[in-house]
Amino acid sequence: MQTLWQDLRYGARMLLKNPGFTAVAVVTLALGIGANTAIFSVVNAVLLRPLPYPQPERLMVIGRTYTGSDVYPASEPKFLFWRDHNQSFEAMAAVQGIGSGLNLSGEAEPEYVTGIQVSADFFRVLGVSPALGRGFTKEEDSPQGERVVILSDGLWRRRFGQDAGLIGKTVTLNSESYTVVGVLPPGFQFTAPFDVLVPLRLNPASRSEAHNFMVIGRLKPGVTEVQARAEMKLVGEKFRAAYPQAMAPNESVNLMGWQNNLVQEIRPLLLILLGAVSFVLLIACANVAHLQLARASARQKEMAIRLAVGAGGWRLARQLLTEGVLLALAGAAAGLLLAVWAVDALTALMPDGMLPLLGEISFDGRVLAFTLAAAVATGLIFSLAPALHAGRVDVNQSLKEGSTSGRLSPVRGRLRSVLVIAELAVSLVLLIGAALLVRTFANLRGIEPGFDPRHVLTFQVSLSGPSYDTTAKVSDFYRRVLERFRSLPGVEAVAVASTLPLEAQLNLPYSIGGSAEVTGAVQYRMISPDYFRVMKTAVRQGRAFEEGDTAGAESVIIVNEAFARQHFPNTTPLGQRMCVGCGFGDPAMRTIVGVVSDTKQFNLGAPSPPTVYVPVAQVPDALMLLLRQFTATNFVIRTAGEPLQLSGVVKQEMLKIDPALPLRNVRTMEQLLSHSLALEEFNMSLLGLFAGIGLLLVAIGTYGVVSYSVSQRTHEIAIRMALGAQRWDVLKLVLGQGMILAVIGVGIGLVAALMLTRLLSSLLFGVTPTDPMTFASVSLLLVAVALLACYIPARRATRVDPMVALRYE
């Protein structure tokens, strides 16, 4: 320990004596270690940190499966059967989102709040309890149960001023009174942030085939996941025997760990980003290794003296390794500060909903341990080469009075060349990955969405409560609002829709030609007559809806081109008859009166799904109730000028019509379109940033190697020029050295990229992972950067004065 302390003190003095070298090395390492720490903190929060519940490894998600690995939502009858017939779970609960949200009204201004519906055992499954009050009872979780609600801690503090006496009092949600029975603990999390919890009010007699329930369960102590999965498959077969029509032939029951289920979609992306940022750290290590080798060359006489007075090679290596680790720790400290800023920036740039719950990204013990380990490993890696060569100094030659201690040995020169080649190869992989994502983003931006997003304002309201419990009441509300909005200056057209493009989806079963057998499920849209005019969606055949398409008129429907291609490839769909919403309260046979162009729905890269459109006035009351539960009403307004300038006026007009209806998601359709590309833009920006840092470090490293080589070969260059070499000859000599390294590095990088870019397949659109144009253009870019990095010292070499150089030597 005494020797180690001596090495640390000496290493610190040496770093302070060379502030330029130390500053460059610390900044380089801070970039590499800081970026790694920032990305690892995200990986830690999402993939490594346990869920914030007692014994989270016992939490499972249970659902339907068709492939043996996926887990899909369940219907109400299936959940009740699974809950009552299993022996593996201590408790099982169902959860369903309230897609349209809730309107909280009262003394203060009305507020839109998000919420979820849960069964009575929800808190028992999670192993937590409300901070105030209690959970739901089985009586409340029944069709005739009392209307009760549990508030989130955030809503309780924000809206009700932390009133502890609120328990037992009533609040108004959707114009109906709910009794507050509890308040959630601070920081309570589920799959997504929410404001209120209400009971599902399960119906034991239900035969609904709507699969909308996420089912979670807590395993009994001692029961393994494998055992529970085997039993649930048997329970699924018992359900099939009892209700053979309610299960598909290839349907079964599956389960998986809840945390694995939450992160399975985001895990590949996070691991790719962690791998990419590790490449940046490798490039940073190579750059600092360049500096260390150059510094070691300048310290040859010091090492020779140490060897002469009895120090062994291991003693010198230990000193250099200690200095390297000390330098890396300084870089890690700076990198940790950089990571704090980077995490805030990452959080701000991340698309909404990208990361599933799992708490705020923070620097816990695991992240700090990772940073320390990265620093120590980095310090050892970039100090290894100088340390291995420390004991190979020629003592006699180095101690001669006229010796040049800074002369670069052939071995060290080759090692620095290898490091440059490695940097170039790693940087090429990063650049190609970033270029592929850039092309993906450009391809997606170039896709025609099927509507014109310019000059369109959109916002949502949630129609709920007794004031909007029938189609007639909803239609009357729409009529009054649309008339008022049409009269506003600058408004060209206005309409409503149950769902907008690139937003939430709603599938309903349908049948064609009067058949009683369900053909499949189709995207369902309820719209007002001017919807296609507002969105500028082309009517390809037939007509759009008209004001005469009311409840008493003939039941009509419009389909999109994808639906027409699927069902009527060789004939016109106009005049064909079909039923949509069969079993969901809409038995009417509808006549197809129009075909409209396809619009993107899931995302810009996915094919447009078959979609049908139904006029608002012809939606039956039962189906309208379903739409109100799962979707909000979307208003779309086409304006002559800037859409957002109307947002204030629109809010005022809506409050005049119904003061209890808050507006939400006020935005333009262009913003909605951009939001649909937010994840691709995030991926592109982050990988592009890493690639840019890597390219900068490679340019610096290449410049450093070639520049140092020029300084070491000044005597040789002077002799060449004295013997008649021209400046162009010297330029070719130096550039040739750098270009050989660049070509070798690019060649190795191309081979590595061919293997590694396949990992990006799921993130790409319109471009293959081995796209030749991308590989060629990025390779040329990297060669050009290397050429520029070599040209600066090469040009300096051409200015060597032979007389001065030879006299100096």
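The values are calculated or read from the model by the stated rules, or taken from the named source; none is laboratory data. Keep in mind that this is a model prediction, so the values were computed, not measured. All Cβ positions, even for glycine, are placed from backbone atoms using ideal geometry, and neighbour counts span all protein chains on display. Only protein heavy atoms, including side chains, enter the accessible area calculation; ligands, DNA and RNA are left aside. Shrake-Rupley method; radii C 1.70, N 1.55, O 1.52, S 1.80 Å.
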Flag for Leu4 being at pLDDT 90 or above, out of contact with any strand residue (DSSP E or B) (no Cβ under 7 Å at 6 or more places or on another chain) and farther than 30 Å from Val343 by Cβ: no
Residue ID - least open to solvent (accessible area, probe 1.4 Å), chosen from residues in segment 238-281 that are among the small types (Gly, Ala, Ser) and assigned to a helix (DSSP H, G or I): Ala276
Every residue from segment 442-491 that is buried (at least 19 other Cβ atoms within 10 Å of the Cβ), of a type outside the set (Phe, Trp, Tyr) and closer than 18 Å to Gly101 by Cβ: Thr458, Gln460, Val461, Ser462, Leu463, Ser464, Val474
Residue check, Val128 assigned to a strand (DSSP E or B), out of contact with any Lys or Arg (no Cβ under 8 Å at 6 or more places or on another chain) and hydrophobic (A, V, I, L, M, F, W, C): no
Flag if Leu679 is open to solvent by 30 Å² or more (accessible area, probe 1.4 Å) and either farther than 30 Å from Arg445 by Cα or over 31 Å from the mean Cα position of the chain (by Cα) (or both): no
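Here is a yes/no grid of residues against (1) closer than 20 Å to Leu102 by Cα; (2) in contact with a strand residue (DSSP E or B) (Cβ under 6 Å, 6 or more places away or on another chain):
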{"residue": "Arg159", "(1), (2)": "yes, no"}
{"residue": "Ile167", "(1), (2)": "yes, yes"}
{"residue": "Ser175", "(1), (2)": "yes, no"}
{"residue": "Thr179", "(1), (2)": "yes, yes"}
{"residue": "Pro185", "(1), (2)": "no, no"}
{"residue": "Phe190", "(1), (2)": "yes, no"}
{"residue": "Pro204", "(1), (2)": "no, no"}
Candidate set from segment 646-676 (those that are without any contact (Cβ under 8 Å) to a residue 12 or more places away in the chain and polar (S, T, N, Q)); member that is surrounded by the most Cβ atoms within 10 Å (Cβ to Cβ): Gln671
Options Gly701, Gly749: the member that is touching a residue at least 40 places away in the same chain (Cβ under 8 Å) and under 32 Å from the mean Cα position of the chain (by Cα): Gly749
Qualifying residue in segment 98-117 (condition: of a type in the set (A, V, I, L, M), open to solvent by 40 Å² or more (accessible area, probe 1.4 Å), assigned to a strand (DSSP E or B) and in contact (Cβ under 8 Å) with a residue 24 or more places away in the chain): no
Residue tally, condition at positive phi and small (Gly, Ala, Ser), over segment 336-380: 2
Unmet requirement for Val534, which otherwise passes all of (1) open to solvent by less than 10 Å² (accessible area, probe 1.4 Å); (2) more than 37 Å from the chain's Cα centre (by Cα): (2)
Residue within segment 716-725 that is on the phi > 0 side of the Ramachandran plot and either at pLDDT below 90 or touching a Phe, Trp or Tyr at 6+ places or on another chain (Cβ under 8 Å) (or both) present: yes
Count of residues meeting criterion [modelled with pLDDT of 85 or more and either open to solvent by 60 Å² or more (accessible area, probe 1.4 Å) or part of a strand (DSSP E or B) (or both)] in segment 501-511: 5
All helices (runs of 4 or more DSSP H) inside segment 701-809 with 1 or more residues being farther than 30 Å from Arg295 by Cα: 714-722, 727-756, 772-797
Failed criterion for His211 (all others in (1) more than 33 Å from the chain's Cα centre (by Cα); (2) assigned to a loop (DSSP other than H, G, I, E, B) hold): (1)
In segment 625-645, residue nearest to Arg533 (Cα to Cα) [restricted to those that are in contact with an Asp or Glu (Cβ under 8 Å, 6 or more places away or on another chain) and surrounded by 14 or more Cβ atoms within 10 Å (Cβ to Cβ)]: Arg638
Test for Ala328: is it within 21 Å of Leu16 (Cβ to Cβ), touching a helix residue (DSSP H, G or I) at 6+ places or on another chain (Cβ under 6 Å), open to solvent by less than 30 Å² (accessible area, probe 1.4 Å) and not hydroxyl-bearing (Ser, Thr, Tyr): yes
Residue within segment 48-60 that is under 30 Å from Ala286 (Cα atoms), open to solvent by 10 Å² or more (accessible area, probe 1.4 Å) and under 29 Å from the mean Cα position of the chain (by Cα) present: yes
Hits in segment 712-735 - residues which are open to solvent by 60 Å² or more (accessible area, probe 1.4 Å), among the polar types (S, T, N, Q) and either within 16 Å of Tyr791 (Cβ to Cβ) or in contact (Cβ under 8 Å) with a residue 40 or more places away in the chain (or both): none
Members of segment 608-623 that are under 17 Å from Val522 (Cα atoms), open to solvent by less than 20 Å² (accessible area, probe 1.4 Å) and either touching a Pro at 6+ places or on another chain (Cβ under 9 Å) or modelled with pLDDT of 90 or more (or both): Pro609, Thr611, Val612, Tyr613, Val614, Pro615, Val619
Members of segment 447-481 that are among the acidic types (Asp, Glu) and within 19 Å of Asn174 (Cβ to Cβ): Asp469, Asp476
Hits in segment 133-179 - residues which are open to solvent by less than 30 Å² (accessible area, probe 1.4 Å), charged (D, E, K, R) and in a helix (DSSP H, G or I): Asp153
Odd one out for Gly701, checked against (1) modelled with pLDDT of 90 or more; (2) surrounded by 20 or more Cβ atoms within 10 Å (Cβ to Cβ); (3) of a type outside the set (Lys, Arg); (4) out of contact with any Ser or Thr (no Cβ under 7 Å at 6 or more places or on another chain): (1)
Subset of segment 61-79 (residues that are of a type in the set (S, T, N, Q), in contact (Cβ under 8 Å) with a residue 40 or more places away in the chain and open to solvent by 20 Å² or more (accessible area, probe 1.4 Å)): Ser69
Close pairs (7 angstrom Cβ cut-off, 6 or more residues apart or separate chains): farther than 13 Å from Ile557 by Cβ and modelled with pLDDT under 90 in segment 512-541, surrounded by 14 or more Cβ atoms within 10 Å (Cβ to Cβ) and of a type in the set (Gly, Ala, Ser) anywhere: Glu517/Ser511; Val518/Ser511; Thr519/Ser511
Condition broken by Pro529, with the remaining ones in (1) over 25 Å from Tyr478 (Cα atoms); (2) surrounded by fewer than 20 Cβ atoms within 10 Å (Cβ to Cβ) satisfied: (1)
Residues (open to solvent by 10 Å² or more (accessible area, probe 1.4 Å) and closer than 18 Å to Glu209 by Cα) located in segment 81-94: Phe81, Arg83
